[in-house]
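Peer 1: Below are the C-alpha cells for one structure; questions will follow.
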Amino acid sequence: MEQPTPLVIDTDPGIDDAVAILLALASPEVDLRLVTTVHGNVDLEQTTENALRVLHLAGRSDVPVAAGARGPLVHPLAERAGHVHGAAGLGGVELPPSPASLDPRPAVVALAELLTSSAQPVTVVAIGPLTNIALLLAVFPEAAERIGRLVVMGGSAGAGGNVTAAAEFNAWADPEAAQAVFSSTVPTVLVGLDVTLPTVLGADGVERFAAAGPLGETAGAILRQYMDHARRTYGTAGVVVHDALAVTEAVVPGTLGTVPRDVVVDTGLGVTRGQTLVDRRQPSGSATAVQVAERVDSAAAVELLVSRLESFAAARG
Ligand code: BDR
Ligand code: CA
C-alpha cells in the first residue's frame, strides 16, 4: 500500500465533526498528524476540549491539538449552533477528559510548521468556519502554498442555506474568511449542502456501529441528539453528517464529482450574508477556481462511513 497521506483536520466539534474525526482515524489512506480547532458550533474553549476528548475516546491522544481563532475575522457572531449540537457540542454526551495537554502553539503556527516540514503534500480538511485557514493565508502564505489539497465543508451552490435561507453555517459564521479562501490559489474542493443534504445516515447505520463496541456505542449516543433535532426540525428520520462527507473526499479523492467554478461569498450585512455564489454558467479556467462537489453516490458514501466506524469500533474492543 502507498504511504498514507498526511492529514490535518481544522474543526469545531460539533457532532458531525466528531464523527468526521473518527472516520479519519478509521481510514488507513491518511495519517492524522494534527487537529486545529476553531470557534463555530460552540465557543473555542469547548470545541478544543471536545477535540481532545474525541481523540482520547478513539485511543489517539497522541495526535496534537492546537487551538485557533476565537471568533470571525471581522464581525462577531450573533449566534452559534448549540441548539443543533447541544450546549457543549457533543449531543449532551459527556466524554471522559483527555490526559493529553493542548499543543502550546497557536493553530496557524502548528499548521504552518507541519506544512513546511512535511516531505509529502498535506491534505487539510476544514470542517468549521474558515477563520484559521484565512489567517494561515495571511500570515504564512508560503506555508499555505504547500497545502496539497484543501477540502472544505461549507457553502451551497443551489441547495439554499441551513442557518439562513441563503447561507450554510460554516460560510455564514465567517464570510470574510471564506471569501479569502475561495479567492486564493490553494487547490480547494468545496463540499457543500448540494452533496451533503442527500447523504443521509439512517438509524439502521447508526445501530450497526453502535453495536460494534463501546466506541461505536458512544458515537451512536452522540448522534442521537442530532437525530432528534432533525426529526423535530425537518421531520426526517436520519441525520446528515456533513463533515464526514468532506473527510470521505479527503480520504478517497474522487468520491465526489467536482467541477471547477468561480465562487464568491456575500460579505454584505444584509439577509444574504454568507451566501456562496457559485458561477455555474460554465466551468472556470481561473487559477482561483474552486472544485465544487456536484455529484455524490450517497448510498456508497454512507456505507463507507458506517463500515469504517463499525470496523474501527470492533478493533478497539
Ligand atoms: C456545518 O455546520 C456545522 O454545524 C456542522 O458541524 C457542519 O460543519 C454544516 O452546515
Ligand atoms: Ca463542523
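Peer 1: Output the residues belonging to segment 253-309 that are in contact with a Ser or Thr (Cβ under 9 Å, 6 or more places away or on another chain) and among the charged types (D, E, K, R).
Peer 2: Of everything in segment 253-309, those that are in contact with a Ser or Thr (Cβ under 9 Å, 6 or more places away or on another chain) and among the charged types (D, E, K, R) turn out to be Arg261, Asp262, Asp266, Arg273, Glu294, Arg295, Asp297, Arg308.
Peer 1: Still on this model: Take the residues of segment 226-243 that are closer than 18 Å to Gly89 by Cβ and away from ligand 1 (no atom under 13 Å from the Cβ): which is surrounded by the most Cβ atoms within 10 Å (Cβ to Cβ)?
Peer 2: By that ranking, first place goes to Met227.
Peer 1: Could you list, in sequence order, the residues of segment 10-31 that are more than 10 Å from ligand 2 (Cβ to nearest atom), open to solvent by less than 10 Å² (accessible area, probe 1.4 Å) and over 14 Å from Arg53 (Cα atoms)?
Peer 2: Result: Leu23, Ala24, Ser27.
Peer 1: Of a type in the set (A, V, I, L, M, F, W, C) and open to solvent by less than 20 Å² (accessible area, probe 1.4 Å), is that true of Val264?
Peer 2: Spelling it out, it is not the case that Val264 is of a type in the set (A, V, I, L, M, F, W, C) and open to solvent by less than 20 Å² (accessible area, probe 1.4 Å).
Peer 1: Of all residues in segment 103-136, which are open to solvent by 40 Å² or more (accessible area, probe 1.4 Å) and in contact with a helix residue (DSSP H, G or I) (Cβ under 6 Å, 6 or more places away or on another chain)?
Peer 2: Thr116, Leu135
Peer 1: Just checking, does segment 34-55 include any residue being touching a strand residue (DSSP E or B) at 6+ places or on another chain (Cβ under 8 Å), open to solvent by 10 Å² or more (accessible area, probe 1.4 Å) and among the basic types (Lys, Arg)?
Peer 2: no
Peer 1: Something else: Looking at Ala167, is it within 12 Å of ligand 1 (Cβ to nearest atom), assigned to a helix (DSSP H, G or I), open to solvent by less than 20 Å² (accessible area, probe 1.4 Å) and modelled with pLDDT of 95 or more?
Peer 2: no
Peer 1: Here's a follow-up. Only one of these conditions is not met by Ala69: (1) open to solvent by less than 10 Å² (accessible area, probe 1.4 Å); (2) out of contact with any Pro (no Cβ under 7 Å at 6 or more places or on another chain). Which number is it?
Peer 2: Condition not satisfied by Ala69: (1).
Peer 1: From Val93, Val109, Val84, Val74, grab the single residue that is of a type in the set (Val, Ile, Thr), in contact with a His (Cβ under 7 Å, 6 or more places away or on another chain) and in contact (Cβ under 8 Å) with a residue 12 or more places away in the chain.
Peer 2: That would be Val84, the only listed residue that is of a type in the set (Val, Ile, Thr), in contact with a His (Cβ under 7 Å, 6 or more places away or on another chain) and in contact (Cβ under 8 Å) with a residue 12 or more places away in the chain.
The values are calculated or read from the model by the stated rules, or taken from the named source; none is laboratory data. What you see is a predicted model, and the numbers here were worked out from it, not measured in a lab. All Cβ positions, glycine included, derive from the backbone under ideal geometry; neighbour counts span all protein chains shown. Just so you know, the surface numbers come from the protein's heavy atoms only, side chains and all, with ligands and any DNA or RNA stripped out. Shrake-Rupley method; radii C 1.70, N 1.55, O 1.52, S 1.80 Å.
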